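Below: the structure, in structure tokens.
The values are calculated or read from the model by the stated rules, or taken from the named source; none is laboratory data. Every value quoted in this text rests on a predicted model; they were computed, and no experiment measured them. Note that we place each Cβ from the backbone using ideal geometry, even for glycine, and neighbour counts take in every protein chain shown.
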């Protein structure tokens, strides 16, 4: 039997609760991890859903590199000289950035995204 995801049936407030609880999955304390897993399962069950229904809605993908670059350009005056040079050259580059370039861009983006 093929399973189809029903993310649209999971209410946003349920997803918000699950996101908060999922933050405890990395706790250094086994009891906190177990409690978080139990709460996670309980909330999903009460919502009449399955984890497969909720997890895709919890995932927030990173911004595509072009969108990150555009945001960095809009905040260009807040960048260091080195980062300005990098952003300028990446913007002029004809090919897609390398993995290392995306890592650097992501670091710059993270610094300026909330400013």
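Taking residue 94, is it over 30 Å from residue 12 (Cα atoms), surrounded by 15 or more Cβ atoms within 10 Å (Cβ to Cβ) and not assigned by TED's automatic domain parsing to the domain that holds residue 15? Show your work before the answer.
Details: over 30 Å from residue 12 (Cα atoms): yes; surrounded by 15 or more Cβ atoms within 10 Å (Cβ to Cβ): no; not assigned by TED's automatic domain parsing to the domain that holds residue 15: yes.
No: the conditions fail for residue 94.
Go through (1) modelled with pLDDT under 90; (2) assigned to a helix (DSSP H, G or I); (3) touching a helix residue (DSSP H, G or I) at 6+ places or on another chain (Cβ under 9 Å); (4) loosely packed, with under 15 Cβ neighbours inside 10 Å one by one and return the number of the condition residue 16 breaks.
All conditions pass for residue 16, except number (3).
Would you confirm whether any residue within region 72-86 is surrounded by 14 or more Cβ atoms within 10 Å (Cβ to Cβ), in contact (Cβ under 8 Å) with a residue 40 or more places away in the chain, part of a helix (DSSP H, G or I) and touching a helix residue (DSSP H, G or I) at 6+ places or on another chain (Cβ under 9 Å)? Please lay out each step first, then the result.
Restricting attention to region 72-86, the residues satisfying the condition of being surrounded by 14 or more Cβ atoms within 10 Å (Cβ to Cβ) are 72-73, 75, 79, 83-84, 86.
Cutting the leftovers down to in contact (Cβ under 8 Å) with a residue 40 or more places away in the chain gives us 72, 75.
This time we only want the ones that are part of a helix (DSSP H, G or I), so: 72.
Next, only the ones that are touching a helix residue (DSSP H, G or I) at 6+ places or on another chain (Cβ under 9 Å) stay: 72.
Checking region 72-86: at least one residue is surrounded by 14 or more Cβ atoms within 10 Å (Cβ to Cβ), in contact (Cβ under 8 Å) with a residue 40 or more places away in the chain, part of a helix (DSSP H, G or I) and touching a helix residue (DSSP H, G or I) at 6+ places or on another chain (Cβ under 9 Å).
Could you grab me the full set of residues in region 59-70 that are surrounded by fewer than 16 Cβ atoms within 10 Å (Cβ to Cβ) and at pLDDT 75 or above?
We begin by selecting, within region 59-70, every residue surrounded by fewer than 16 Cβ atoms within 10 Å (Cβ to Cβ); these are 59-64, 66-67, 70.
Selection gives 64, 66, 67, 70.
Considering (1) loosely packed, with under 14 Cβ neighbours inside 10 Å; (2) outside the structural domain of residue 19 (by TED's automatic domain parsing), say which one residue 46 fails and leave the rest.
(2)
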